[in-house]
Structure formats: structure tokens, C-alpha cells
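Colleague: I am attaching a structure below and will ask some questions about it afterwards.
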Amino acid sequence: MAKQSLAANPKTLFPILPSGPVGMARLAAEAEHADDGHLIEFKSMEARSILNKTVSKRGMWMNYSINPYRGCEFGCKYCYARYTHEFLLPVKASVVEPRLSEVQQPYALAFEREIYMKDNAAWLLEQELKKIDPKQEIALGTATDPYQPIERRMGITRSLLEVFAQKSEYRLGIVTKSTLIERDIDLLTSIAQKNRLVVHLTITSTDSALSRILEPRAPRPDLRFATVRKLREAGITTGVLCSPLLPGITDNEQALDAVAKRAAEAGANFLSAQPLFLKSCSRPTYLSFVREHFPHLAGEYARRFAKMDFADAPYRRHLALMVKRVSHKHGLGERFAQALPPQDVVELRKGPSGVRTSGAQRLLFA
């Protein structure tokens, strides 16, 4: 009997092997075209779950995360979440580029050009909230911005907030750099009355010219500060994330002080800032940005990220002390990794409208 070649036709010997992509890759392959934007395609994806259990070893503050979309239109040069589109490939990417390679993987580029919208997100959230402890922290918008432009038309994030508005005693944090969150102040106010809610507006710089090339499709910094003010006037606990701090660009006290000053003027409850880290999925995009706009820093970045993705301990301590100084100077609270029970926090802070909001909430999300 002639021997059959497994390499030539493995399915004949193992018919149970999948005939196509599996997992997230299968869902991506089955996603249907839903809309188009400028150089962007939007696809509708059948989601099997909306609450993602946090398994990071980096000591992340949240227990669960929610991302209504996969991919993000804002196209921020420093974005660390580009790797998530690799999960959508039919075959896992096997090419390993040098650490400082200028070649960007196609899936990392697709992250801002191919956006997936999760079907039935609100229904899934309703079912899954029944299975978790309300005391566990939930973050909305960790890998993609929940208020990116497509949300204006699709309203997936709003549908999720409608679910939370019917709940009580949950702990929810929202992270965005979009002014579109103002649309949902009615729901946010309702949620905050019965739950612990903290909103984080990411504002990396007060320099509009820098923001335009760094975060090309995000709202201007002045518009984001105006959003902070509107949220605070509505009595919603809101802080500013000045992250990431970019070596040689925004990691100086003058730049951070400018953000802190504007945050305080807008009535923000807290200021937080963390150093830049560059995973393999984001290095080519960000380092290309540096070579184009800050060529004198290219050598310094090559040195910093030649062997590791994260900032070293002395640099992290230096930045932490700087954040503490400018926060104290402008009367801004600090944001901590560990949540404190409301009864353990006695500090109260007035917002621009005179609404008194517990300082406890600003300690929840790091």
C-alpha cells in the first residue's frame, strides 16, 4: 500500500481539524462590511463576550475591561494596543522584526484602518454583569477609544451605558480622549448616582500642533479641557491622564505643569501621568514619528528601547515625583492603583459649579 503524505493532505487523515480560521480570526473573517470612512472600513462583528477578564502580569488596576470596538480611528502614534489586531489574522504572524525595525506589521497598520463593531454588546453586558462581583473594577475603553468618531453613528458605547444606568453598586471607569462623551452626560449622571463612576480624559499636551501630529484624528487639547469642565459641572468625577509622557518631548516639568494648570482650571479631580512604553507593535509607528518630527532624539530613543519596552526604575521614580509636585502645586488629587472604600476617604473637593464630589472616586483607577 502506498504511503499517504500527511504534509500533502492532512485533512484526509485528520478530518476534525478546522478547515479555516478559528477563534477571533474566524469572527473577523465572518464580519460583514457595515460602513466606510476616510481610508477606513468598518465591519460588524459577532461578539461572544463583552467583559474581558484582566490577566495582565503588570498589576493592572481593573478586573474587567470593555471595548465596544476593535481598532481605533484616532491613530495615535504611541498606541500600545495595535497588537490586538494580530488576533484577527487567519494565521498568526511569524515574522520577528529587529527591535528597532522601521517595518510596521500589516496588522498594526490595520488597527486604525479596519474597525470592527461588536454586535449585541448591550445584551451581552446585561447577561455577563449577573455573573461578576459588583465590587470588581470595570474599565470601559482600554484597548480602543469607546468614543471614537464611529460611535456618533453607531451608539454602541451609549447602549452599554444604558445598561449601567439600570444597575447599582458597580465600579466603572471610562477612558477616552474624545469630546463625544458630552453627549452621554445624562446617562453618566444617572450612573454616578447609584454606582462608583470615574471618567478619565487623556490629554497628553496643551500644544495643539504637537497633538495634531501625535494624535492625528483626536479632538484638540482645548476642546478636551472644555469637556473636563462640562463633566465636572455635571457633578461627574473626572480627571486628566497626561499619558504617555514622551522622552525629550513632554516628559519635562514645564510641559506637565501646563497640562496640570489647565486641568485645575477645568475643575479636574486628579492628574495622572505614566511614562511611554513601546511594544513591538507600536515601535515602528512611533519611532518613525520621532525620526520625522524630532530627528535629534532618534539616537536617544534607540538607546532607551534597544533592549526593553518599558522605562527603567530610576526614570519612573523621577517622573512620579514630578507628577506629584505639579499636582500638589495646582491642587489636583493623585490617582492610585488601589481603591479605598468611601468611608476611608474624607477629602472633598469642589468643582467649578460648586458641586461637592467625594475624593474617594478619584483614587479608583490607575
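Colleague: Go through region 136-172 and give me each residue that's among the hydroxyl-bearing types (Ser, Thr, Tyr), crowded, with 18+ Cβ neighbours inside 10 Å and at pLDDT 95 or above. Walk me through it before giving the result.
Modeller: Quick first cut of region 136-172, residues among the hydroxyl-bearing types (Ser, Thr, Tyr) only: 142, 144, 147, 157, 159, 168, 170.
When the remaining residues are screened for being crowded, with 18+ Cβ neighbours inside 10 Å, the result is 142, 144, 147, 157, 170.
Answer for region 136-172, where residues must be among the hydroxyl-bearing types (Ser, Thr, Tyr), crowded, with 18+ Cβ neighbours inside 10 Å and at pLDDT 95 or above: TYR147, THR157, TYR170.
Colleague: Are any of the residues in region 310-320 closer than 15 Å to LEU278 by Cα, touching a helix residue (DSSP H, G or I) at 6+ places or on another chain (Cβ under 9 Å) and of a type in the set (D, E, K, R)?
Modeller: yes
Colleague: May I ask you to list the residues in region 206-221 that are touching a helix residue (DSSP H, G or I) at 6+ places or on another chain (Cβ under 7 Å) and open to solvent by 40 Å² or more (accessible area, probe 1.4 Å)?
Modeller: Once the filter is applied, which keeps residues that are touching a helix residue (DSSP H, G or I) at 6+ places or on another chain (Cβ under 7 Å) and open to solvent by 40 Å² or more (accessible area, probe 1.4 Å), region 206-221 yields THR206, SER208, ILE213, ARG220.
Colleague: Next up: Here are some residues: VAL228, VAL259, VAL290. Which one is in contact with a helix residue (DSSP H, G or I) (Cβ under 9 Å, 6 or more places away or on another chain), in a helix (DSSP H, G or I) and more than 29 Å from GLY333 (Cα to Cα)? First the steps, then the outcome.
Modeller: Details: VAL228 fails: more than 29 Å from GLY333 (Cα to Cα); VAL259 fails: more than 29 Å from GLY333 (Cα to Cα).
Unique residue meeting the criteria: VAL290.
Colleague: How many residues are out of contact with any strand residue (DSSP E or B) (no Cβ under 7 Å at 6 or more places or on another chain) and either open to solvent by 20 Å² or more (accessible area, probe 1.4 Å) or modelled with pLDDT under 95 (or both) if we restrict to region 120-133?
Modeller: 9
Colleague: Among the residues of region 173-191, is any basic (Lys, Arg), assigned to a loop (DSSP other than H, G, I, E, B) and surrounded by fewer than 19 Cβ atoms within 10 Å (Cβ to Cβ)?
Modeller: For region 173-191, residues basic (Lys, Arg), assigned to a loop (DSSP other than H, G, I, E, B) and surrounded by fewer than 19 Cβ atoms within 10 Å (Cβ to Cβ): absent.
Colleague: One residue is enough: does region 220-241 have a residue meeting the conditions touching a Pro at 6+ places or on another chain (Cβ under 8 Å) and under 26 Å from ARG291 (Cβ atoms)?
Modeller: no
Colleague: May I ask you to say which residue of TYR286, TYR301 is hydroxyl-bearing (Ser, Thr, Tyr) and under 30 Å from THR157 (Cα atoms)? Can you show your working first?
Modeller: Numbers: TYR301 fails: under 30 Å from THR157 (Cα atoms).
Going through TYR286, TYR301 in turn, just one is hydroxyl-bearing (Ser, Thr, Tyr) and under 30 Å from THR157 (Cα atoms): TYR286.
Colleague: Could you go through region 97-110 and let me know if any residue there is in a loop (DSSP other than H, G, I, E, B), farther than 21 Å from ILE50 by Cβ, at pLDDT below 85 and among the aliphatic types (A, V, I, L, M). First the steps, then the outcome.
Modeller: Step one: list which residues in region 97-110 are in a loop (DSSP other than H, G, I, E, B), which gives 97-105.
Okay, now just the ones that are also farther than 21 Å from ILE50 by Cβ, so 97-105.
If we keep only those that are at pLDDT below 85 as well, we get 97-105.
Next cut, among the aliphatic types (A, V, I, L, M) only: 100, 103.
Among the residues of region 97-110, at least one is in a loop (DSSP other than H, G, I, E, B), farther than 21 Å from ILE50 by Cβ, at pLDDT below 85 and among the aliphatic types (A, V, I, L, M), which makes the answer yes.
Colleague: A follow-up question, please. Report the residue count in region 159-171 for those that are closer than 30 Å to GLU41 by Cα and either of a type in the set (Phe, Trp, Tyr) or in contact with a Leu (Cβ under 7 Å, 6 or more places away or on another chain) (or both). Please lay out each step first, then the result.
Modeller: Looking only at region 159-171, we keep the residues that are closer than 30 Å to GLU41 by Cα, and these are 159-164.
With either of a type in the set (Phe, Trp, Tyr) or in contact with a Leu (Cβ under 7 Å, 6 or more places away or on another chain) (or both) added as a condition, the list becomes 160-164.
Qualifying residue count, region 159-171: 5.
Colleague: Then there is this: Which of the following residues is under 24 Å from ASP251 (Cβ atoms) and modelled with pLDDT under 90: ALA360, ALA311, ALA337, ALA320?
Modeller: Values: ALA360 fails: under 24 Å from ASP251 (Cβ atoms); ALA311 fails: modelled with pLDDT under 90; ALA320 fails: modelled with pLDDT under 90.
Exactly one residue qualifies, and that residue is ALA337.
Colleague: Within region 265-287, work out how many residues are in a helix (DSSP H, G or I) and either farther than 19 Å from LEU319 by Cβ or in contact with a Cys (Cβ under 6 Å, 6 or more places away or on another chain) (or both). Give the steps one after another, and end with the answer.
Modeller: Initially, region 265-287 is screened for residues in a helix (DSSP H, G or I), giving 265, 283-287.
If we keep only those that are either farther than 19 Å from LEU319 by Cβ or in contact with a Cys (Cβ under 6 Å, 6 or more places away or on another chain) (or both) too, we end up with 265, 283-285, 287.
Looking only at that region, the number is 5.
Colleague: Another question about this same structure. Within region 244-254, can one find any residue that is crowded, with 20+ Cβ neighbours inside 10 Å, on the phi < 0 side of the Ramachandran plot and in a helix (DSSP H, G or I)?
Modeller: Looking through region 244-254, none of the residues is crowded, with 20+ Cβ neighbours inside 10 Å, on the phi < 0 side of the Ramachandran plot and in a helix (DSSP H, G or I).
The values are calculated or read from the model by the stated rules, or taken from the named source; none is laboratory data. Every value quoted in this text rests on a predicted model; they were computed, and no experiment measured them. Because the Cβ atoms are built from the backbone with ideal geometry, glycine has one as well, and the counts that use them run over all protein chains shown. Surface areas here come from the heavy atoms of the whole protein model, side chains and all, with no ligands, DNA or RNA. Shrake-Rupley method; radii C 1.70, N 1.55, O 1.52, S 1.80 Å.
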